[in-house]
Amino acid sequence: MNNYQNILLAIDFSDYGHYVAQRAKSLAEQFNARLHIIHVLDNIPMPDTPYGMVIPLNDDSSYDLLETEKNKLIQISNQLDILPERRWMIWGEPQQEITQLAAQEQIDLIVVGSHGRHGLAMLMGSTAKGVLYHAECDVLAIHLKDHQE
Ligand code: AMP
């Protein structure tokens, strides 16, 4: 098998996101791969924004909730040494945007947590399952045991 060259970390900013992020980072180091990161905005209102719209990280916006989400992504990307051109914030539905970006950027491995949130998202099926079903590349679901939560 060829080494992975482009690894995409899908991050939801849940409590155990850092654990998933560290696993993605260490895999990228082992394979000497480029690490990309995506956060899909699905938790704040974005009126008049079509699904799939890429949200620029380097523009200031007057929308506080959006700035907060951007800052989280920038901070974690800095911690992981991910280059600015490999940081993605996209408005839409997580499994769809993650798998579309993976195809567009020739990602060969997507790293997700096995679960991130609770409540309605769990009832409707996890993003990990959706990504696995729709992705054209390998998917690694990091198993999140109780002690990591
Ligand atoms: P969940 O579907 O909430 O159980 O999340 C499972 C995993 O999918 C998380 O650990 C993340 O890796 C990924 N994920 C969930 N929501 C998002 C999102 N909005 N943006 C990026 N990745 C996500």
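The values are calculated or read from the model by the stated rules, or taken from the named source; none is laboratory data. Note that the structure is predicted; figures quoted are calculated from it, not measured. Cβ placement follows ideal geometry from the backbone for every residue including glycine, while neighbour counts extend to all protein chains displayed. Note: accessible area is taken over every heavy atom of the protein model, side chains too, but ligands, DNA and RNA are not part of it. Shrake-Rupley method; radii C 1.70, N 1.55, O 1.52, S 1.80 Å.
Looking only at segment 84-94, filter to residues that are touching a residue at least 12 places away in the same chain (Cβ under 8 Å) and open to solvent by 50 Å² or more (accessible area, probe 1.4 Å); which one of those is nearest to T127 (Cα to Cα)? Spell out the reasoning first.
Applying the first criterion (touching a residue at least 12 places away in the same chain (Cβ under 8 Å)) to segment 84-94 yields 84, 86-94.
So of that shortlist, the ones also open to solvent by 50 Å² or more (accessible area, probe 1.4 Å) come out as 84, 86, 93.
Working: P84: 25, R86: 21, E93: 9 Å.
The extreme case among them is E93.
Assuming G113 fulfils every condition listed in (1) open to solvent by 60 Å² or more (accessible area, probe 1.4 Å); (2) in contact with a helix residue (DSSP H, G or I) (Cβ under 6 Å, 6 or more places away or on another chain); (3) modelled with pLDDT under 95 apart from one, which condition is it?
For G113, the failing item is (1).
Taking the condition open to solvent by 70 Å² or more (accessible area, probe 1.4 Å), away from the ligand (no atom under 14 Å from the Cβ), closer than 19 Å to L27 by Cα and free of Cβ contacts under 8 Å to residues at least 40 places away in the same chain, does N78 pass?
Judged against the criteria, N78 is a match.
Please indicate, with yes or no, whether at least one residue in segment 82-101 is in the same structural domain as H115 (by TED's automatic domain parsing), part of a helix (DSSP H, G or I), within 12 Å of the ligand (Cβ to nearest atom) and farther than 23 Å from L144 by Cα.
yes
Consider only pairs whose beta carbons are under 6 Å apart and that are at least six residues apart or on different chains; among these, list those whose first residue lies in segment 25-38 and is open to solvent by 50 Å² or more (accessible area, probe 1.4 Å) and whose second residue is assigned to a strand (DSSP E or B).
Taking only residues 6 or more apart or on different chains, the pairs are R34/N6.
Go through (1) of a type in the set (S, T, N, Q); (2) assigned to a helix (DSSP H, G or I); (3) within 13 Å of the ligand (Cβ to nearest atom); (4) open to solvent by 80 Å² or more (accessible area, probe 1.4 Å) for N43 and report which single condition fails.
(2)
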